[in-house]
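*Asks:* I am attaching a structure below and will ask some questions about it afterwards.
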Amino acid sequence: MTPIRVILADDHPVVLAGVKALLKISPEFEVIGEALSGHAALELICRARPDVAVIDISMPDLNGLELAERLAATCPEVKLLALTFHEDRTYVQRLLHLGVRGYILKRSAAEDLAQAVRAIVAGGVYLDPSVAEKALANSSHQAAGAEGAVGGEELSPREEDVLKLTAQGYTNKEIAARLQVSVKSIETYKARATTKLNLRTRAEIVRYAFSQNWTDDLDRS
């Protein structure tokens, strides 16, 4: 199996060493570079084109928000995971808007870092359970509005199951295996559900999931 190529960016060498050690536990990850500043991270990430870049928000010369914005313009294929001390929902919302696919607190890294990297590589969005609900709390009215825009159609139990698993970062193939149906059926259920709710991206599906209090399911992802 080809390892997931990761670059780490944080201005604290001790943090870098700790994160690298966490990822080196598993052969599925390969740390191919490290950076101690935002500008160094930008140059390294755009040159090496890793699968995932794990970035801190508070870095000298170019902070994580600015770095995410630059990377979205120069190498958008690289998936970004923010690893930070900040629990302010403003940071989460701004980073999601910039295309960051994951947000995890440093105090949760030992338990959740590998899971978060796997989720975003699979095409999902991973939010630390400690910040997810409050960070996306103000999106509930948007999701409700989207539901009403198509006449308030309710999801079938199967459509709801598929949407929950999609929000957790599972692929169509993985969902099909879990629910014991064909991939084509999963695609149909997902298409119906997203059409009913006017959801266009996986990030919007995650926001809707939290607005519906599916947090227990998402926390176990």
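The values are calculated or read from the model by the stated rules, or taken from the named source; none is laboratory data. If you're wondering where the values come from, they're calculated on a predicted model, not measured in any experiment. Quick reminder, even Gly has a Cβ in these numbers, built from the backbone with ideal geometry, and neighbours come from all protein chains shown.
*Asks:* Do you know which residues across the range 131-169 are hydroxyl-bearing (S, T, Y), modelled with pLDDT of 75 or more and either surrounded by 14 or more Cβ atoms within 10 Å (Cβ to Cβ) or not assigned by TED's automatic domain parsing to the domain that holds T201 (or both)? Quick ask: steps written out before the conclusion?
*Replies:* To start, the set of residues in the range 131-169 that are hydroxyl-bearing (S, T, Y) comprises 139-140, 156, 166.
Within this subset, residues satisfying the condition of being modelled with pLDDT of 75 or more are 156, 166.
T166, the sole residue that qualifies.
*Asks:* Within the range 12-69, count every residue that is farther than 23 Å from Y91 by Cβ and among the polar types (S, T, N, Q).
*Replies:* Number satisfying all stated conditions: 1.
*Asks:* Just checking, which of A40, A35, A82, A48 is more than 20 Å from the chain's Cα centre (by Cα) and buried (at least 22 other Cβ atoms within 10 Å of the Cβ)? Let's see the steps before the verdict.
*Replies:* Values: A40 fails: buried (at least 22 other Cβ atoms within 10 Å of the Cβ); A82 fails: more than 20 Å from the chain's Cα centre (by Cα); A48 fails: buried (at least 22 other Cβ atoms within 10 Å of the Cβ).
On inspection, the qualifying residue turns out to be A35.
*Asks:* Using the structure shown, decide if R89 is among the basic types (K, R) and under 21 Å from I45 (Cα atoms). Quick ask: steps written out before the conclusion?
*Replies:* Details: among the basic types (K, R): yes; under 21 Å from I45 (Cα atoms): no.
The answer is no for R89.
*Asks:* So if I check each of N198, N213, which one is at pLDDT below 75 and more than 23 Å from L80 (Cβ to Cβ)?
*Replies:* Values: N198 fails: at pLDDT below 75.
N213 is the lone residue from the list that is at pLDDT below 75 and more than 23 Å from L80 (Cβ to Cβ).
*Asks:* Here is a follow-up. Given the conditions (1) part of a loop (DSSP other than H, G, I, E, B); (2) over 18 Å from V100 (Cβ atoms), which single one is not true for E43?
*Replies:* (1)
*Asks:* Give me a count of the residues in the range 76-93 that are under 22 Å from R5 (Cα atoms) and touching a strand residue (DSSP E or B) at 6+ places or on another chain (Cβ under 9 Å). Spell out how you get there, then give the answer.
*Replies:* So the first thing to find is which residues in the range 76-93 are under 22 Å from R5 (Cα atoms), and the list is 76-84.
Filter once more, keeping what is touching a strand residue (DSSP E or B) at 6+ places or on another chain (Cβ under 9 Å): 78-84.
Of the residues in that region, 7 qualify.
*Asks:* If you go through the range 3-32 one residue at a time, how many are assigned to a loop (DSSP other than H, G, I, E, B) and under 21 Å from the mean Cα position of the chain (by Cα)? Break it down stepwise before answering.
*Replies:* Kept after step one, since they are assigned to a loop (DSSP other than H, G, I, E, B), are these residues of the range 3-32: 3, 10-12, 25-28.
So of that shortlist, the ones also under 21 Å from the mean Cα position of the chain (by Cα) come out as 3, 10, 26, 28.
Adding up the residues that qualify gives 4.
*Asks:* Can you work out which of the residues in the range 101-127 that are in contact with a Lys or Arg (Cβ under 9 Å, 6 or more places away or on another chain) and farther than 18 Å from F85 by Cα is surrounded by the fewest Cβ atoms within 10 Å (Cβ to Cβ)?
*Replies:* In this case the residue turns out to be G123.
*Asks:* Inspect the range 56-66 for any residue being among the β-branched types (V, I, T), crowded, with 19+ Cβ neighbours inside 10 Å, over 15 Å from A132 (Cα atoms) and over 15 Å from the mean Cα position of the chain (by Cα) and give the result as yes or no. Give the steps one after another, and end with the answer.
*Replies:* Start the filter on the range 56-66 by keeping residues that are among the β-branched types (V, I, T), which leaves 57.
Pick out the ones that are also crowded, with 19+ Cβ neighbours inside 10 Å and you get 57.
Subset that is over 15 Å from A132 (Cα atoms): 57.
Checking the rest, the ones that are also over 15 Å from the mean Cα position of the chain (by Cα) come to 57.
Yes, the range 56-66 contains at least one residue that is among the β-branched types (V, I, T), crowded, with 19+ Cβ neighbours inside 10 Å, over 15 Å from A132 (Cα atoms) and over 15 Å from the mean Cα position of the chain (by Cα).
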